[in-house]
1. For residues that are outside any loop (DSSP other than H, G, I, E, B) and touching a residue at least 12 places away in the same chain (Cβ under 8 Å), tally how many sit in the range 165-194.
2. Being at pLDDT below 90, within 29 Å of the chain's Cα centre (by Cα) and outside the structural domain of V172 (by TED's automatic domain parsing) is the requirement here; does L51 meet it?
3. Scan the range 127-182 for residues that are closer than 14 Å to L204 by Cβ and acidic (D, E) and jot them down.
4. For the range 178-219, what are the residues that are of a type in the set (S, T, Y) and more than 19 Å from the chain's Cα centre (by Cα)?
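The values are calculated or read from the model by the stated rules, or taken from the named source; none is laboratory data. Fair warning: this is a prediction, and the values are worked out from it, not measured in the lab. Every residue, glycine as well, gets a Cβ built from its backbone with ideal geometry; the counts of neighbours run over all protein chains shown.
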Amino acid sequence: MVQTLPYGDAAAVLAQARTLGFPELLGPAGRERDLALALIVARVLRPASKLASGRYLADTTLGQDLRVPAGDPDALYGALDWLRGRQEKIEETLARRHLAQGGLVLFDLTSSYLAGTKCPLAARGYSRDGRRGSLQITYGLMTTIEGCPVSVEVFPGNCADPAAFSSALARVGERFGLSQVVLVGDRGMITSARIEEGKRNPELAFITALCAPEIGALAHSGHIQLSLFGEVNLVEIRHPTHPEERLLICRNPHLAKERAGRREDMLLATEAELEKVRAAVEAGRLKTEAAIGLRAGRVVNRCRTAKHFSLLDPGRPLRFRPPGGGDPG
């Protein structure tokens, strides 16, 4: 025995891809299709960069089975260009297979930060990676209700969720030919403006969530009462500010517990930071009202707890207390 290569896992994934009709989905037979299929199988087995995937293809029987030049990075990147040219046809085929009139379509937006500076789509925006100040790109993914991906679109890094959702609306109607679907997205994506845009096609429906001010308005008006709904069953209400919408309410005890714990942690962190401000005032390092206010404001704004605290000065350098009761700290 001179040499052995890993075989079983690569052969299993490749066989399943062929059973699902993946090669035919990608395009006509050829070198580029085999390279693209090899990269997809490598992504399933060992997610890595394209250069690392090329080395992986050479270290298994996958490269030999598909007869691809695993050591040629230019060929791998060329296969990606070929795949990009096939994207619309692939997505339209997936839509015909998995989407139907009157069905649910899920859509969400995410982002990835970039280390380089040459990408024409790179821009600074809301970072879902927690890398504030970094260049990034954003991309929207459309899936079936089971989570099967149907379409993906890349946007500039500063693209807002509602703008991406408008693109998804156009894709569903114009490219996929679906006039009767229910689009599901979060509250930051399906805004009032997007709903008005969707009303131009009365066959399109939406499932989303109200934002906090809208929920607060319903609660203050008396339309939401805790006695009306529990933690298991949904209750449906109607409100004149949402005349064409069904509002469904159910209390989520797990989410309530999680948010209560997070809120308590943020309040304790804010109190600890404000104690440092008080110590700096008492030590004379912060003297003017402007300096004290600026420092304390940074604390409550960073922790996003400004509405939970009142900053007072009744004869003492600095006091804070939660609104609505409790002795000042």
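1. First pass over the range 165-194, keeping only residues outside any loop (DSSP other than H, G, I, E, B): 165-175, 182-184, 192-194.
From what is left, the residues that are touching a residue at least 12 places away in the same chain (Cβ under 8 Å) are 165-169, 171-173, 175, 182-184, 193-194.
Residues that pass the stated criteria total 14.
2. Details: at pLDDT below 90: yes; within 29 Å of the chain's Cα centre (by Cα): yes; outside the structural domain of V172 (by TED's automatic domain parsing): yes.
Judged against the criteria, L51 is a match.
3. Once the filter is applied, which keeps residues that are closer than 14 Å to L204 by Cβ and acidic (D, E), the range 127-182 yields only E174.
4. Residues of the range 178-219 of a type in the set (S, T, Y): 179, 191-192, 208.
Across the range 178-219, the qualifying residues are S179, S192.
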